[in-house]
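Q: Sharing a structure, written as structure tokens. Questions coming.
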Amino acid sequence: MAIINSVFKTAQYNLMQTAERIGLEENLLRKLAVPKEKIEQRLTPLLSNGKLANIEIYIVRHNDTLGPSKGGIRMTSSVSMEEVVGLSMEMTWKTSLMGVPFGGGKTGIRFAPETVNSTDKEVIIRSVARSAKRHFGPELYIPAPDMGTNETDMGHIRDCISYSEGTSITRGCFVTGKPIILGGIAGRRQATGRGVVYTTVAACKKLGLNIQGLKVAIQGFGNVGSEAAIEFHNQGAKIIAVSDASGMLFNDKGLDIGRLCQHAKSNRGLISSFSGAESASREEFFGVLCDCLVPAAAGSQITADNVSKIKAKIISEGANAPTTPEADEVLNDNGIFVIPDILCNGGGVFVSYLEYIQETQHEQMTESQVKTRLYEKMTSCFDDVYNYAHDKKATMRKASMDLAVGRVVAGIKARGLLP
Ligand code: GLU
């Protein structure tokens, strides 16, 4: 196998393999292998240092067969058009698998958010919203938070769009993951992390493992990693290791997650210099003796180089495309149970869907209603994938992809192939 070390190549590879397994016709494969729309823009907002920032943005709508494209806004110094194409393709499969009436899309803002203060970030986000507005819309593409963006940013996008219309609210849902006071939904921020835990609980039941005392190691302590840590802790699991850009923490007795969250909040989101744990180097992370390993950071982290160090029984993919195909084969050979990204982290987009319908119907759901719906959805999707994998003697990743791609193909056929 040629070396596949990017989110884009992983997405392409997984689609090609799926096409072969499900016997996808060539012309349909061609439709799915490339995005429907790719937009590239350059922005030069004026920042508080008196200089113009030079920012590229990429907006990709991979597919809209099952509904308007859905997917978050990734803001990092390294995001590229290629990465956004790969991530938008992942969103098409994720929304399909989760059974929500959306297609796949993604936005990239090539800029390091950690290098600016909150005022400058707001300037950049508003500049993006103004410039990208004509590509956003409840029937077209609905963005949400992703790596490097959060609910505050989504609030600014919502405000920028309604302001430009001269109205208080937008006509329908233009963005999800907003602050609750602006029409966001209770439990959206926690949704992806909670969903990761709910699918892990479902996996434990199948594998005869007990969530009580389950030893968990989490890579990344951003929104997904920290919320998963809180929920794992609530369910009785023990978080024994956490790593992020600033280092790694280890405590075999379990880290005090409440205190760690407080510490990260006052330490620019970073875990370094936390007391109550041994510090270790980030390179040691994959070798930690744990039951469950949760990659919840960037893509392509579990690779042919580090996969043989992994001793976990379960990998719960909180991040998008964290495992390269070569590493995936090794995990499978080693009997490690992988809950693939499009299933494991699909709770975020599912609750985005609840936010979308809440806004359309001018209703408000409570956090406990959202939690119940999320739990039911994650558990039933897990069961669908598990049963399919069992019947076909396939891995959970292959089963997820077969089901997700199969539904999009059924949608294309139902629409008809004419233009
Ligand atoms: N960024 C999240 C993801 O990758 C959420 C997308 C959404 O809610 O639209 O799934």
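The values are calculated or read from the model by the stated rules, or taken from the named source; none is laboratory data. Computed from a predicted structure; not experimentally measured. Using ideal geometry, Cβ is built from the backbone for each residue, glycine included, and neighbour counts are taken over all protein chains shown. Please note that ligands, DNA and RNA were not included when accessible areas were found on the heavy atoms of the full protein model with its side chains. Shrake-Rupley method; radii C 1.70, N 1.55, O 1.52, S 1.80 Å.
Residue by residue, here is whether (1) modelled with pLDDT of 95 or more; (2) part of a helix (DSSP H, G or I); (3) over 22 Å from A296 (Cβ atoms) holds:
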position: H62; (1), (2), (3): yes, no, yes
position: M75; (1), (2), (3): yes, no, no
position: V85; (1), (2), (3): yes, yes, yes
position: S88; (1), (2), (3): yes, yes, no
position: V100; (1), (2), (3): yes, no, no
position: I109; (1), (2), (3): yes, no, no
position: R126; (1), (2), (3): yes, yes, yes
position: S131; (1), (2), (3): yes, yes, yes
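Q: While we're looking at this one, here's another question. Only one of T149, T176, T170 is polar (S, T, N, Q), within 15 Å of the ligand (Cβ to nearest atom), within 24 Å of L66 (Cα to Cα) and open to solvent by less than 30 Å² (accessible area, probe 1.4 Å); which?
A: Values: T149 fails: within 24 Å of L66 (Cα to Cα); T170 fails: within 15 Å of the ligand (Cβ to nearest atom).
From the options T149, T176, T170, the qualifying one is T176.
Q: Applying the selection to the stretch 302-321, what residues are over 16 Å from S6 (Cα atoms) and assigned to a strand (DSSP E or B)?
A: If the condition is that a residue be over 16 Å from S6 (Cα atoms) and assigned to a strand (DSSP E or B), then I314, I315, S316 are the ones that fit.
Q: Need the failing condition index for A129 against (1) among the small types (G, A, S); (2) more than 12 Å from the ligand (Cβ to nearest atom); (3) open to solvent by 10 Å² or more (accessible area, probe 1.4 Å); (4) touching a helix residue (DSSP H, G or I) at 6+ places or on another chain (Cβ under 9 Å), just the number.
A: (3)
Q: What tally of residues in the stretch 27-52 results from selecting those that are open to solvent by less than 20 Å² (accessible area, probe 1.4 Å), more than 30 Å from Y13 (Cα to Cα) and not in a loop (DSSP other than H, G, I, E, B)?
A: 1
Q: May I pose another question? For the stretch 179-222, give me each residue that is in a strand (DSSP E or B) and open to solvent by 10 Å² or more (accessible area, probe 1.4 Å). Lay out the reasoning, then the answer.
A: First pass over the stretch 179-222, keeping only residues in a strand (DSSP E or B): 215-219.
K215, Q219 - these are the residues of the stretch 179-222 that are in a strand (DSSP E or B) and open to solvent by 10 Å² or more (accessible area, probe 1.4 Å).
Q: So, one more: List, please: which pairs have Cβ atoms under 8 Å, are six or more places apart or on different chains, and start with a residue in the stretch 346-372 that is within 14 Å of G71 (Cα to Cα) and aromatic (F, W, Y) and end with one that is in a helix (DSSP H, G or I) and open to solvent by 40 Å² or more (accessible area, probe 1.4 Å)?
A: Matching pairs, first to second residue: F350/R373; F350/K377.
Q: Show the residue pairs that are 6+ apart or on different chains and have beta-carbon atoms under 7 Å apart, the first residue being within the stretch 155-174 and within 15 Å of R126 (Cα to Cα), the second being among the acidic types (D, E) and in a helix (DSSP H, G or I).
A: Pairs that qualify, where the first residue is within 15 Å of R126 (Cα to Cα) and the partner is among the acidic types (D, E) and in a helix (DSSP H, G or I), are H156/E122.
Q: Now for a different question. Could you figure out which of (1) among the β-branched types (V, I, T); (2) out of contact with any Asp or Glu (no Cβ under 9 Å at 6 or more places or on another chain); (3) within 16 Å of I109 (Cα to Cα) isn't true of T65?
A: Evaluating T65 over (1) among the β-branched types (V, I, T); (2) out of contact with any Asp or Glu (no Cβ under 9 Å at 6 or more places or on another chain); (3) within 16 Å of I109 (Cα to Cα) leaves (3) as the failure.
This table checks each residue for (1) in contact with a strand residue (DSSP E or B) (Cβ under 6 Å, 6 or more places away or on another chain); (2) of a type in the set (D, E, K, R); (3) under 30 Å from G416 (Cβ atoms); (4) open to solvent by 10 Å² or more (accessible area, probe 1.4 Å).
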| position | (1), (2), (3), (4) |
| --- | --- |
| T76 | no, no, no, yes |
| V79 | yes, no, no, no |
| L87 | yes, no, yes, no |
| G99 | no, no, yes, yes |
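Q: Is there any pair with a first residue in the stretch 30-53 that is free of Cβ contacts under 8 Å to residues at least 12 places away in the same chain and a second that is part of a strand (DSSP E or B) whose Cβ atoms are under 8 Å apart and which are 6 or more apart or on different chains, and what are they?
A: T44/L52; T44/I55; L52/L46
Q: Are there any helices (runs of 4 or more DSSP H) wholly within the stretch 322-419 with 2 or more residues that are open to solvent by less than 60 Å² (accessible area, probe 1.4 Å), within 16 Å of the ligand (Cβ to nearest atom) and β-branched (V, I, T), and if so which?
A: Values: elements: 325-333, 341-344, 347-360, 367-392, 396-415.
Fully inside the stretch 322-419 and qualifying: 347-360.
Q: Could I ask something else about it? Quick test of your reading of the structure: I55 fulfils all but one of (1) open to solvent by 10 Å² or more (accessible area, probe 1.4 Å); (2) more than 16 Å from the ligand (Cβ to nearest atom). Name the failing condition by number.
A: I55 satisfies every listed condition except (1).
Q: On to the next question. Looking at (1) open to solvent by 20 Å² or more (accessible area, probe 1.4 Å); (2) more than 16 Å from P325 (Cβ to Cβ), find the lone condition where Y13 falls short.
A: Here Y13 clears every test but (2).
Q: May I pose another question? Among the residues of the stretch 119-126, are any away from the ligand (no atom under 13 Å from the Cβ), basic (K, R), surrounded by fewer than 16 Cβ atoms within 10 Å (Cβ to Cβ) and in contact (Cβ under 8 Å) with a residue 12 or more places away in the chain? If you could, list the steps in order and put the result at the bottom.
A: First, the residues of the stretch 119-126 that are away from the ligand (no atom under 13 Å from the Cβ): 119-126.
So of that shortlist, the ones also basic (K, R) come out as 121, 126.
Applying the additional criterion that residues be surrounded by fewer than 16 Cβ atoms within 10 Å (Cβ to Cβ) yields none.
Among the residues of the stretch 119-126, not one is away from the ligand (no atom under 13 Å from the Cβ), basic (K, R), surrounded by fewer than 16 Cβ atoms within 10 Å (Cβ to Cβ) and in contact (Cβ under 8 Å) with a residue 12 or more places away in the chain, which makes the answer no.
Q: Here is a further query. For the stretch 373-406, enumerate the residues that are of a type in the set (A, V, I, L, M) and either over 20 Å from the mean Cα position of the chain (by Cα) or over 22 Å from T65 (Cβ atoms) (or both). Before the answer, list the steps.
A: The initial filter retains those residues of the stretch 373-406 that are of a type in the set (A, V, I, L, M), namely 374, 378, 385, 389, 394, 396, 399, 401, 403-405.
Selection gives L374, M378, A389, A394, M396.
Q: I'm trying to understand the selection: among the residues of the stretch 102-118, which are surrounded by fewer than 24 Cβ atoms within 10 Å (Cβ to Cβ) and either touching a residue at least 60 places away in the same chain (Cβ under 8 Å) or of a type in the set (S, T, Y) (or both)?
A: Hits for the stretch 102-118 are E114, T115, V116, N117, S118.
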